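**Student:** Here it is, the structure in full.
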Amino acid sequence: MLASSAQRKSERRPPRGRSAALRRAVLAVLVLGALALLTISFRSPTSGALHDAQGYGASALRPFQVAATRVARPFRDAYGYVSSLTSAKSKNAKLHREVSYYQALALKNLAAAKENASLKRLLDYEQGPAYPKDYHAVNASVISFPSGPFDQQITISAGSNRGLRVNTPIVSADGLVGRVTNVGRVTATVALLTDPDSVVAARDLTTKVFGLIRHGQGNTLILDQVAKDEVVNRGDVIVTQGTRDRRYPDLYPYGIPVGQVISVGTSDIATYRTVQVAPFAKLTGLDAVAALIPTKASKLP
Amino acid sequence: MTIVDGLKAAVLLFVAAIVQVSILTQIHVLHGVPDVLLVTLVAVALLRGAIVGAVGGFFAGLLVDTATLGQLGLTSLVLTVAGYWIGRYGETTGQDRAHAPFLSVGVVTILYGFGLLLVHFVLGEPAPAGAMLEGLVPAIVLNLVLTAPVYAVVRRLLRAFERSDVATEVQLLG
């Protein structure tokens, strides 16, 4: 029975060997056909009969594609809506991070622009006629500011590696700032003019009256040791005195602008005049300063 | 296989190709793109054997390359081999096994991706293996999701092989 069944089947179907051969032949023909198409289209991708036929085929398929796109549009829109909702949270977080980053960048650029302006003014001062002779400038950024009312010192980004020493004068584009009180290899501490221990020999540029600049109330200075019979007028410019006798060299070179007289007072019981001076240098908002390094060795006392 | 079955298979593959090039290529889920044409071809090849799989793969690939104005023969080559191989699997060990469509789709998705990559590489065209690998796992998952409904539709339209169609000859010994 099995034999007769097998016999009937074998009448309808090709023998197994023929079936396998046919299968392989079809595969071989199709693969060769694909390779032939690939070769032709690769060799002439923009011209030729095959390219033209492809163009006609694409044109024929275009209506079907358009129809499919139109049918799918509502679904695609819905998918896009849902997809955008799910990604909204992560996008929001990403945008927040970007905003923070660009805010920080903007602040950094602003600070750089401000420092650039300060450095430019400093450069103008260093190349101007008021700059003291026999000194060269070492420019530095202010990297820390006074931490409180009792601390009148700043830290600058230059130290002994660039020639700074204790008592090196520090100036800004506006005028005298102070002097170095402590030096590290790459940083230095500067006592401002408003420091209680700061004393600067100075003179009135107009009347040539000598005095000592000390700290006053608030951010002002006082021109001390001015006798009552000497004349100092409101608005006069005060500059550093400089060395008058080589045996007693001064810390500061002559002629560095210190400030402007804002009031002159006299009292019966006081020995000296009370001369208030507003410093030219903005001691609370310094960005860039210059250290005055003498070009001749051991100039500083 | 009758002429009607052949027409049904052709229509199925045509619709799948149009849907693929017009709609599904725009859907990217975690860098993966679902391939309904590949899934349909797998279903047809499993139900109709190696020759139908190879012929269907060839013409479906031709359709895709024509519609996208791509390199003619490129997709055909890969789909022909894929259809033939899945067809042989359906005629032999994959016959009547419930997991056969899913296994076939998973494996063919991987081989199809690497096959296209290889052909592009051989032709000297850009073959970004990193991008392909990045989207491979999501593509497998998406294709597996499509497998059940697509296979059910194809199975309904193309009747399954009758036992007599696939039974090999019985040879009496002795």
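Every number here is computed from the coordinates shown, using simple stated rules; none is lab data. Remember, predicted model here, so these are calculated numbers, not experimental data. Note that each Cβ is placed from the backbone with ideal geometry, even for glycine, and that neighbours are counted across all protein chains shown.
**Student:** Which FRET efficiency value, to the nearest 0.05, is calculated for A:Asp229 and A:Asn167 with the Förster distance at 35 angstrom and r the Cβ-Cβ distance?
**Tutor:** In this case the efficiency is close to 0.60.
**Student:** Scan around A:Tyr135 for amide H atoms under 5 Å from its own, H built in the peptide plane at 1.01 Å from N, and keep only partners 5 or more places away or cross-chain.
**Tutor:** Amide H neighbours of A:Tyr135, under 5 Å, 5+ apart: A:Thr295.
**Student:** Which of A:Lys108/A:Lys133; A:Lys133/A:Lys208; A:Lys120/A:Lys296 have a Cα-Cα distance over 24 Å?
**Tutor:** Working: A:Lys108/A:Lys133 36 Å; A:Lys133/A:Lys208 21 Å; A:Lys120/A:Lys296 26 Å.
From A:Lys108/A:Lys133; A:Lys133/A:Lys208; A:Lys120/A:Lys296, over 24 Å: A:Lys108/A:Lys133; A:Lys120/A:Lys296.
**Student:** Determine the relative contact order of chain A: mean sequence separation of Cα pairs under 8 Å and six or more apart, normalised by residue count, in whole percent. Please list the in-between numbers first.
**Tutor:** Values: 467 pairs, mean separation 46.6, N = 301.
Dividing the mean separation by the residue count of chain A yields 15 percent.
**Student:** Quick one: Karplus J couplings for segment B:49-55, per residue in order, coefficients 6.51, -1.76, 1.60, θ = phi - 60°, nearest Hz, x for Gly and Pro?
**Tutor:** Taking θ as phi minus 60°, the curve returns x, 5, 5, 4, x, 5, 5 Hz for segment B:49-55.
**Student:** Would you mind ranking B:Ile140, A:Ile269 by Cβ crowding within 10 Å, fewest neighbours first?
**Tutor:** Least crowded to most crowded, the residues run A:Ile269, B:Ile140.
**Student:** Under a point-charge model restricted to the Cβ atoms of Lys and Arg (+1) and Asp and Glu (-1), what is the dipole moment magnitude of segment B:3-159 relative to its Cα centre, in debye to the nearest 20?
**Tutor:** 480
**Student:** From the phi of every residue in segment B:74-86, what ³J(HN,Hα) in whole Hz does the Karplus formula 6.51 cos²θ - 1.76 cosθ + 1.60 yield, where θ is phi - 60° and glycine or proline is x?
**Tutor:** Result, rounded to whole Hz: 5, 5, 4, 4, 6, 6, 4, 5, 5, x, 5, 5, 5.
**Student:** Please state the relative contact order of chain B as a whole percent: Cα pairs under 8 Å, 6+ residues apart?
**Tutor:** Relative contact order, chain B: 27 percent.
**Student:** Using the number of other C-beta atoms within 10 angstrom as an exposure proxy, rank A:His96, A:His215 with the fewest first. Could the numbers behind the result be given before it?
**Tutor:** Details: A:His96 10, A:His215 19.
By the 10 Å Cβ count, ascending, the order reads A:His96, A:His215.
**Student:** When the dipole is taken about the Cα centre of chain A, and only Lys, Arg (+1) and Asp, Glu (-1) are charged at their Cβ, what size is it in debye, to the nearest 20?
**Tutor:** 3380
**Student:** Whole-Hz Karplus ³J(HN,Hα) for segment B:19-31, in order, using 6.51 cos²θ - 1.76 cosθ + 1.60 and θ = phi - 60°, x for Gly and Pro?
**Tutor:** 4, 5, 6, 8, 10, 6, 5, 8, 9, 10, 10, 6, 6
**Student:** Okay, moving on. Pull up all non-local amide H partners of A:Ala158: gap of 5 or more, or a different chain, and H-to-H distance under 5 Å with H placed in the peptide plane.
**Tutor:** Under 5 Å from the amide H of A:Ala158 lie the amide H atoms of A:Ala188, each far enough along the sequence or on another chain.
**Student:** Treat the protein assembly as shown as a sphere of radius equal to its Kirkwood radius over Cα pairs and apply Stokes-Einstein at 20 °C in a medium of 1.002 mPa s; give the translational diffusion coefficient in µm²/s, rounded to a whole number.
**Tutor:** It comes out at roughly 70 µm²/s.
**Student:** Turning to a different aspect of this structure: Which value at 222 nm does the protein assembly as shown reach when only helices count, each DSSP H run of 4 or more adding -39,500 (n - 2.57), with the total divided by all residues and rounded to the nearest 500 deg cm²/dmol? Could the numbers behind the result be given before it?
**Tutor:** Numbers: 9 runs with 244 residues, N = 475.
Rounded to the nearest 500, it is -18500 deg cm²/dmol.
**Student:** With everything on Cα atoms, drop me the angle between helix B:129-157 and the longest principal axis of chain B, reported from 0 to 90° to the nearest 10.
**Tutor:** 40
**Student:** How far is helix A:49-127 tilted off the main Cα axis of chain A, in degrees rounded to 10, range 0 to 90?
**Tutor:** Value to nearest ten degrees: 10.
**Student:** What are the residues whose amide H is under 5 Å from the amide H of A:Thr243, where those residues sit 5 or more places off or on another chain and H is modelled from the backbone?
**Tutor:** Amide H neighbours of A:Thr243: A:Asp250, A:Tyr254.
**Student:** What distance in nm separates the two pseudo spin-label positions at A:Lys91 and A:Arg62, each 7 Å out from Cα along the beta-carbon direction?
**Tutor:** 3.3
**Student:** By how many nm would the segment from B:Thr25 to B:Val141 lengthen if fully extended, with 0.36 nm per residue of separation less the alpha-carbon distance?
**Tutor:** 40.2 nm
**Student:** Shifting gears a bit: By counting other Cβ atoms within 10 Å of each Cβ, how are B:Lys8, A:Lys114 ranked from fewest to most? The partial results should precede the final answer.
**Tutor:** Numbers: B:Lys8 17, A:Lys114 13.
If I rank by nearby Cβ atoms, fewest first, I get A:Lys114, B:Lys8.
**Student:** Mind checking the dipole of segment A:135-294: about its Cα centre, +1 per Lys or Arg Cβ, -1 per Asp or Glu Cβ, Debye to the nearest 20?
**Tutor:** Its charge dipole is roughly 440 debye.
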